[in-house]
Amino acid sequence: MLYPLASLEADKLEAIKSLEKDIGSPVVALAGVEANTAPLPDDQLKKLQELEAELGVVLVAVRSN
């Protein structure tokens, strides 16, 4: 399962903004997406991790359907 930022309708966004005011902290909305990760050999995993470090992001290799 992956969790990208959720796309929200205006009413849901307003509810989250209200909660943020109540709790005094920003809230991030994520949406669950079914995905199967791809098994990678050690050398390919290392390449993925190196690019993650270079780009400053999280990368996930997924199985194609």
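Think of each Lys and Arg Cβ as +1 and each Asp and Glu Cβ as -1; about the Cα centre, that makes the dipole of the chain roughly 60 debye. Taking θ as phi - 60° and the Karplus parameters 6.51, -1.76 and 1.60, the scalar couplings of segment 34-42 work out to 5, 7, 9, 6, 8, x, 10, x, 3 Hz in sequence order, x denoting glycine and proline. What the phi angles of segment 19-25 give under the Karplus curve with 6.51, -1.76 and 1.60, with θ = phi - 60°, is a coupling list of 4, 4, 5, 5, 8, x, 8 Hz, glycine and proline written as x. Using a simple spin-label model with pseudo-atoms 7 Å out from Cα toward Cβ, Gln44 and Leu5 lie 3.0 nm apart.
Could you compute the longest span of the chain free of GluC sites (Glu not before Pro) located in DSSP loops and having at most 12 other Cβ atoms within 10 Å, not counting the site residues?
Working: sites that count: Glu9, Glu34.
Here the longest run is 35-65.
When the alpha carbon gyration tensor of the chain is reduced to an equivalent ellipsoid, its three semi-axes come out at 34, 15, 8 angstrom, largest first.
Restricting to DSSP H runs of at least four residues, report the calculated mean residue ellipticity at 222 nm for the chain, -39500 (n - 2.57) per run over all residues, nearest 500 deg cm²/dmol.
Working: 2 runs with 28 residues, N = 65.
Estimated from H runs of four or more residues: -14000 deg cm²/dmol.
Considering only alpha-carbon pairs that sit under 8 angstrom and 6 or more positions apart, the relative contact order computed for the chain is 37 percent.
Mind giving me the FRET efficiency for Glu34 and Leu55? R0 is 22 Å, r the Cβ-Cβ distance, nearest 0.05 is fine.
Once rounded, the FRET efficiency stands at 0.35.
Just so you know, all these numbers are worked out from the coordinates, no wet-lab data involved. Not measured: the values here are computed from a predicted model. Using ideal geometry, Cβ is built from the backbone for each residue, glycine included, and neighbour counts are taken over all protein chains shown.
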